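The values are calculated or read from the model by the stated rules, or taken from the named source; none is laboratory data. If you're wondering where the values come from, they're calculated on a predicted model, not measured in any experiment. As a convention, Cβ positions derive from the backbone with ideal geometry for all residues, glycine included, and neighbour counts pool all protein chains shown.
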Amino acid sequence: VYSLAGSAWLLESPRGHADRQLIFGDRFVELEREGNWSFGYSSKDGYVGYLGAACLDRTFLPTHWVTARSTYARASANAMVSLAQDLHLNSEVRVTERSGAWCRIASRDRLYVPAAHLAEIDSRDGDVVAWARVMLGTPYVWAGNSGFGIDCSGLVQAAFHAAGLECPPDSDLQEAMPGGRLSESDTLSAGDLVFWNGHVAIASGNGTLIHANAHHMSVVEEPDATALARIASTDTGPVTSRLRPTHVNRRRPGSRLKQA
């Protein structure tokens, strides 16, 4: 088991199509090494594929996680030095030292992260919508899972994980999550999920949705009536289902799985 030393694309084959993006601190279980390529799977959601072996680092037990959409690690505890590594919402790190407003983290290089962008690993508030809003304005990138670019299912997973909740990586798997199925006449509540063929959005309350989409090419919050009408007129078609998910807390090392 390794930890990611930086963002990397998980590919269907060496130099092939990108299926998902992993970010700093994600754990990767290597099954086979083929030259400069490592084949295995992401331990956070089981995604299988290849990535460059150079981005793998020895694993660590995380103590903190990144709460900012994106941040940067630097080679010293100084905002004026060059940027050394990008980190994103849900990046997990092990803090080894606190120096004023900076935290040194475990890595193969000497790296410092702003303490203001970190929280203790088990401090999650359960507010999916609030975490989705952190990602507003993020560019839409197919298979992306970072503050530099994210897709619709990646946004849902990122918001759920930031809230401390289990969530699979793809919209079809998210549509199959346990929860209450809503009819078209039911009023959407904040945190409900709306699904189309290959697309998903988070209801944010007061008749609005948050989603990463290729129409705006970014993460936006917009009136649900506007989104429903526009998407229905495209090849994506009408809504396929609405879900009020049963919240299941994420497993952490040594912890039990709970339902809320």
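Before moving on, here are some points about what is shown:
- Tally, over segment 14-42, of residues that are in a strand (DSSP E or B) and either over 18 Å from the mean Cα position of the chain (by Cα) or over 25 Å from Pro62 (Cα atoms) (or both): 12
- Yes/no for Glu92 being in contact with a Phe, Trp or Tyr (Cβ under 8 Å, 6 or more places away or on another chain), among the acidic types (Asp, Glu) and modelled with pLDDT of 95 or more: yes
- Of the strands (runs of 3 or more DSSP E) that lie entirely inside segment 84-191, those containing 2 or more residues that are more than 22 Å from Gly6 (Cα to Cα), more than 16 Å from the chain's Cα centre (by Cα) and not hydrophobic (A, V, I, L, M, F, W, C) span 179-182.
Rundown of residues vs (1) out of contact with any Leu (no Cβ under 8 Å at 6 or more places or on another chain); (2) surrounded by fewer than 21 Cβ atoms within 10 Å (Cβ to Cβ), yes/no style:
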site: Asp170; (1), (2): yes, yes
site: Leu173; (1), (2): yes, yes
site: Pro178; (1), (2): yes, yes
site: Arg181; (1), (2): no, yes
site: Asp192; (1), (2): no, no
site: His199; (1), (2): yes, no
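- For segment 186-205, filtered to residues that are in contact (Cβ under 8 Å) with a residue 12 or more places away in the chain and polar (S, T, N, Q), the residue that is farthest from Asp151 (Cα to Cα) is Ser189.
- All positions within segment 55-77 that are at pLDDT 95 or above and surrounded by fewer than 17 Cβ atoms within 10 Å (Cβ to Cβ): Ala75, Ser76
- Residue pairs whose Cβ atoms lie under 6 Å apart, separated by 6 or more positions or on different chains, with the first residue in segment 139-168 and closer than 15 Å to Phe24 by Cα and the second of a type in the set (D, E, K, R), are Gly144/Asp151; Gly147/Arg69.
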